[in-house]
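The values are calculated or read from the model by the stated rules, or taken from the named source; none is laboratory data. Since the model is a prediction, treat every value here as computed from it, not as a measurement. Glycine also receives a Cβ, built like all others from the backbone with ideal geometry; neighbour counts cover every protein chain displayed.
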Amino acid sequence: MKKNKFGRRQFIQRSVFAATVPTIIPSTVLGKGDIPAPSERINLGCIGIGKRGNRLLRHALQNKQAQVVAVSDCFTSIREKALKLVKDDYTAQGRLGDAKEYADFRQMLAREDIDGVIIATQDHWHVPLAIYAVQAGKDVYVEKPLGVSVDHGFKLRKLVQDKSAIFQYGTQQRSDLRFRFACELVRNGYIGKIESMDVWAPSLGYGPEIAKQFPLDTPTKTPPANIDYDRWIGPAQMKPYSDLRVSTQGTYHIYDYALGFIAGWGVHPLDIAQWGNNSEETCPVYYKGTGKVNEGSMFDSLGIWDIKCRYANGVKMNFMDEFTAMPIVKKYHPKPNGHGTTFHGTEGWVCVSRGALDFSDDKLRRIKIKDDDVHLYKSADHMGNFIDCIKSRKKPISTIEAAVQSDLISHFSNAAARLDKSIKWDPKKEKIVGDSKAAKAINRKLRSPWVV
């Protein structure tokens, strides 16, 4: 546990036990039942508390080992609602709390009493904010995808390693029994030697209706008082304000702020493919395929994609959007979901998605992993695992090393489709081989002053 924790613990002990005048002390000060005393709780701050961030905030509020003490967002209304949620929730739990809201995340990061920061902003802010937080001595939970620039992901990885910071990636499927069991079956050879993988994710889709629904010529206007638009744009290129630009869908699919669902959703099944393939420290070395951007739409990330990848060990992977994937997956799977990861081995296949686990032979479902088999990291609560690791200083289930590698797959797949060329990757040198244009396409410059 961090040094400032010990200092606060000493303060509580002195104020409670060294007092000479009898006083009534609330049970939440001393801790009761499964609620530790304040000096033993992990203090958390949350940056980006919109739709996804609100869910993470709620998870953190239910963890008795932690205390949410700060929230920050570019939208005034979102900050106010989040702060009310924190206070109301802790009141209902019978817990004391004195959370504060911050328009400027830098004021939050300057607080010495904050141990960990949960980051759930739009994608292009993920890595810069994580770097600022780790530089400020905080541990970080970072929503996926990792970011919009490969070189910044490498910088974050080095910083996390150098500072021995706790980093939890928001690939919460790893904390689901189904995904762990599927990967343990594959890692232990229960479907034979793995030969290939099908990986697919939801997408925006492709067609003229996208441009009609999200037109490029959406009217712009002066940013409303409710948002600090300059800070929302942050390290991205400044563009005129529109409600569509700052909408949830806009942050997912506008290329200035995200790669699109090839990364934002794709990271989930890709991460499981990496886990099951035992390739968390590397990624495919070859990428070639196609993709389409919806012309005339403000949403200019890839709407659909179909990428063929190959690992150095010969394992092949087909990474697709859900529309492209369905005709392929339905050839062997009777009822596939709109996302998933299928491992094809020499003796069968296993397919896992949220809410479903299917096999080429149902006897695989009844297999018990042996004591001497490979057992993967076990977690039943992704946020809880992050908080536990802040205390123990052990690595969480979704590390920065694994995050960087799965993130690379999305970047290379996106570049291969946009440039219409094959991409070769040297995993040891961590460089694209013989293609300066492709190497340039996977990195972006940050707008001043948000450099990292």
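Restricting attention to the range 216-243, which residues are aliphatic (A, V, I, L, M) and surrounded by fewer than 17 Cβ atoms within 10 Å (Cβ to Cβ)? Before you say what the answer is, go through the steps one by one.
As a first pass, look at the range 216-243 and keep what is aliphatic (A, V, I, L, M): 216, 225, 227, 233, 236, 238.
Correct list: LEU216, ALA225, MET238.
Determine, yes or no, whether ASP198 is over 20 Å from PHE386 (Cβ atoms) and in a strand (DSSP E or B). Here the answer is yes, as ASP198 does meet what is asked.
Okay, residues lined up against (1) at pLDDT 95 or above; (2) of a type in the set (Asp, Glu); (3) over 30 Å from GLY189 (Cβ atoms):
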site: ILE369; (1), (2), (3): yes, no, no
site: GLY384; (1), (2), (3): yes, no, yes
site: GLU401; (1), (2), (3): yes, yes, no
site: HIS411; (1), (2), (3): yes, no, yes
site: ALA416; (1), (2), (3): yes, no, yes
site: TRP425; (1), (2), (3): yes, no, no
site: LYS440; (1), (2), (3): yes, no, yes
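With respect to being within 22 Å of the chain's Cα centre (by Cα) and either assigned to a loop (DSSP other than H, G, I, E, B) or aliphatic (A, V, I, L, M) (or both), ALA165 fits the description. Going through (1) of a type outside the set (A, V, I, L, M); (2) modelled with pLDDT of 95 or more; (3) over 26 Å from TYR241 (Cα atoms) one by one, TYR102 falls short only on (3). For GLY260, the requirement of being at positive phi and either in contact with a His (Cβ under 6 Å, 6 or more places away or on another chain) or of a type in the set (D, E, K, R) (or both) is met.
Filtering the range 226-250 to residues that are polar (S, T, N, Q) and either at positive phi or in a helix (DSSP H, G or I) (or both) leaves THR248, GLN249.
Residue by residue through the range 271-298, note down the ones that are among the aromatic types (Phe, Trp, Tyr) and more than 19 Å from the chain's Cα centre (by Cα). Matches in the range 271-298: TYR286, TYR287. Does at least one position in the range 121-141 carry a residue that is buried (at least 24 other Cβ atoms within 10 Å of the Cβ) and of a type in the set (S, T, N, Q)? Yes; the residues of the range 121-141 include at least one that is buried (at least 24 other Cβ atoms within 10 Å of the Cβ) and of a type in the set (S, T, N, Q).
Looking across the range 176-213, not a single residue is in contact with a His (Cβ under 9 Å, 6 or more places away or on another chain) and free of Cβ contacts under 8 Å to residues at least 12 places away in the same chain.
Give the residue, chosen from ILE307, ILE387, that is under 30 Å from VAL433 (Cβ atoms) and in contact with a strand residue (DSSP E or B) (Cβ under 9 Å, 6 or more places away or on another chain).
From the options ILE307, ILE387, the qualifying one is ILE307.
From the list CYS389, CYS351, which one is in contact with a Ser or Thr (Cβ under 6 Å, 6 or more places away or on another chain) and modelled with pLDDT of 95 or more? The match here is CYS351.
For the range 247-262, the tally of residues that are surrounded by 24 or more Cβ atoms within 10 Å (Cβ to Cβ) and touching a strand residue (DSSP E or B) at 6+ places or on another chain (Cβ under 9 Å) stands at 5. If only one of ASP407, ASP371, ASP426, ASP420 is assigned by TED's automatic domain parsing to the domain that holds GLY276, of a type outside the set (Phe, Trp, Tyr) and touching a Leu at 6+ places or on another chain (Cβ under 9 Å), which one is it? Of ASP407, ASP371, ASP426, ASP420, the one residue that is assigned by TED's automatic domain parsing to the domain that holds GLY276, of a type outside the set (Phe, Trp, Tyr) and touching a Leu at 6+ places or on another chain (Cβ under 9 Å) is ASP407.
Out of ILE210, ILE272, which single residue is within 25 Å of ARG444 (Cβ to Cβ), part of a helix (DSSP H, G or I) and not basic (Lys, Arg)? Result of the check over ILE210, ILE272: ILE210. Of the residues examined, GLU295 is one that is surrounded by fewer than 24 Cβ atoms within 10 Å (Cβ to Cβ), over 27 Å from HIS375 (Cα atoms) and not aromatic (Phe, Trp, Tyr). When the test is whether a residue is surrounded by 20 or more Cβ atoms within 10 Å (Cβ to Cβ), over 14 Å from PHE181 (Cβ atoms) and among the hydroxyl-bearing types (Ser, Thr, Tyr), THR346 does not pass it.
Screening the candidates ASN443, ASN385 for the property of being assigned to a loop (DSSP other than H, G, I, E, B) and either in contact with a Lys or Arg (Cβ under 9 Å, 6 or more places away or on another chain) or not acidic (Asp, Glu) (or both) yields one hit, ASN443.
Counting just the residues of the range 45-70 that are over 10 Å from VAL117 (Cα atoms) and among the small types (Gly, Ala, Ser), which one comes out surrounded by the fewest Cβ atoms within 10 Å (Cβ to Cβ)?
Once the filter is applied, the top-ranked residue is GLY50.
Filtered by the rule that a residue be surrounded by 15 or more Cβ atoms within 10 Å (Cβ to Cβ) and part of a loop (DSSP other than H, G, I, E, B), the range 404-440 gives PRO427, ASP435.
Within the range 76-120, the residues that satisfy the criterion of being touching a residue at least 24 places away in the same chain (Cβ under 8 Å), β-branched (Val, Ile, Thr) and either loosely packed, with under 14 Cβ neighbours inside 10 Å or under 21 Å from GLU143 (Cα atoms) (or both) are ILE78, VAL86, ILE114, VAL117, ILE118, ILE119.
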